[in-house]
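Participant: What follows is a structure written as structure tokens; I'll ask about it next.
The values are calculated or read from the model by the stated rules, or taken from the named source; none is laboratory data. No experiment lies behind these values; they were computed from the predicted model shown. Please note: Cβ atoms are built from the backbone with ideal geometry, for glycine as well, and neighbour counts cover all protein chains shown. Heavy atoms of the whole protein, side chains included, go into the accessibility calculation; ligands, DNA and RNA do not. Shrake-Rupley method; radii C 1.70, N 1.55, O 1.52, S 1.80 Å.
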Amino acid sequence: GPLRGATALGTAAEACRVELYSDVLYALRGGGFDDRDAYLAAPSDEKDAAKARRFREALWAALHATRLNVVRPAGASFAHLGTTRELLAMLTRPSPFRAPLGLSPRSRCLAPPPGDGDAWGVVLNGVVDKAPPAGAVVEHSVLDEATVGA
């Protein structure tokens, strides 16, 4: 059927990048979209827009009759960043996740290595608003200002 190319059974040329949350979960009734056109127009990690639309149309047709049921305790809230794209957007742009949940785009994970109070160790998954000291290891982060190399 139309979803064959999203599996290992299809050919590489037919394959479509399908994400569990942004493609499959959102196609379920109650999974995030009640409007088919809004679901089809939502951002996709598949670079070929026509291919993404074709697979999302098939996912909607196959899954939207299935209801997603979630139990949420009174007063609780839920937010999920399920893809790298969603995490980077939360860290680098205004985000509906940050304000309601009191999150910061700053990772606050600068830490000196043991026994060396003047040098810094590691920065992971953060937005750094000042240059880390020489010798810092910076990974998966956005640097507002920095000099690379010594």
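Participant: Only one of these is farther than 21 Å from E14 by Cα, modelled with pLDDT of 90 or more and in contact with a Gly (Cβ under 6 Å, 6 or more places away or on another chain): R29, R67, R36. Name it. Let's see the steps before the verdict.
Facilitator: Values: R29 fails: in contact with a Gly (Cβ under 6 Å, 6 or more places away or on another chain); R36 fails: in contact with a Gly (Cβ under 6 Å, 6 or more places away or on another chain).
Matching residue, one of R29, R67, R36: R67.
Participant: Provide a single number: the residues in the stretch 1-22 that are modelled with pLDDT of 70 or more and touching a helix residue (DSSP H, G or I) at 6+ places or on another chain (Cβ under 6 Å).
Facilitator: Total meeting the criteria: 4.
Participant: Among the residues of the stretch 48-70, write down those that are farther than 30 Å from N125 by Cβ and open to solvent by 80 Å² or more (accessible area, probe 1.4 Å).
Facilitator: Result: R53, R54, A61, A65, R67, N69.
Participant: Now, a different point. Looking at the stretch 16-35, which of the residues that are under 19 Å from the mean Cα position of the chain (by Cα) and not in a loop (DSSP other than H, G, I, E, B) is farthest from T83 (Cα to Cα)?
Facilitator: Within the stretch 16-35, the match that is farthest from T83 (Cα to Cα) is A27.
Participant: Cβ-Cβ distance below 8 Å, separation of 6 or more or different chains: which pairs start in the stretch 55-72 with a residue that is touching a residue at least 24 places away in the same chain (Cβ under 8 Å) and end on one that is part of a helix (DSSP H, G or I) and acidic (D, E)?
Facilitator: Taking only residues 6 or more apart or on different chains, the pairs are F55/D23; R56/D23; L59/D23.
Participant: Moving to a separate point now. Among (1) at pLDDT below 65; (2) open to solvent by less than 80 Å² (accessible area, probe 1.4 Å), there is one condition G135 misses while meeting the rest; what is its number?
Facilitator: (1)
Participant: Go through (1) open to solvent by 60 Å² or more (accessible area, probe 1.4 Å); (2) modelled with pLDDT under 70 and name the single condition R85 misses.
Facilitator: Among (1) open to solvent by 60 Å² or more (accessible area, probe 1.4 Å); (2) modelled with pLDDT under 70, R85 violates only (2).
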